[in-house]
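This report refers to the structure that appears directly beneath it.
The values are calculated or read from the model by the stated rules, or taken from the named source; none is laboratory data. Just so it is clear, the model here is predicted, and its values are computed rather than measured. As a convention, Cβ positions derive from the backbone with ideal geometry for all residues, glycine included, and neighbour counts pool all protein chains shown.
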Amino acid sequence: MKFNSKKHYIICSAIKINNRLYLGNNHGDIIQNINFKEGEKAYSDTQGFIDNCGKFVNRVEALKIAKDCGQVSKNFKEDELCSEHIENKLWLLKDIF
């Protein structure tokens, strides 16, 4: 599997709460940070990812993007993306800011 950075791709994990985005390497780290610093709860329906255009996408849409650009195998059997599934992790936030 070859990663194609010229396509749409996933940059990092994200959780959206009250129109605020919390970013991190994985959702578990974000949840710990939110609960420790903000006192907010991170419910699963707010979990997603940030793409290279700076857009928040849910786990289902993120899986489509990751498959298309080669971050996960096209034969991947899950219905939604988890941060640990991404084989070519970029986490280059400088790409979107």
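What to note about this one:
- Region 12-34 - residue that is surrounded by fewer than 21 Cβ atoms within 10 Å (Cβ to Cβ) and among the hydrophobic types (A, V, I, L, M, F, W, C) and, of those, modelled with the lowest pLDDT: 34
- Within region 44-85, the only residue that satisfies the criterion of being surrounded by 12 or more Cβ atoms within 10 Å (Cβ to Cβ), among the basic types (Lys, Arg) and farther than 20 Å from residue 15 by Cα is 67.
- Which numbered condition residue 96 fails, given (1) exposed (fewer than 14 other Cβ atoms within 10 Å of the Cβ); (2) among the aliphatic types (A, V, I, L, M); (3) modelled with pLDDT under 85: (1)
Table: residues versus (1) of a type in the set (D, E, K, R); (2) at pLDDT 85 or above.
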position	(1), (2)
40	yes, no
58	no, yes
64	yes, yes
67	yes, yes
80	yes, yes
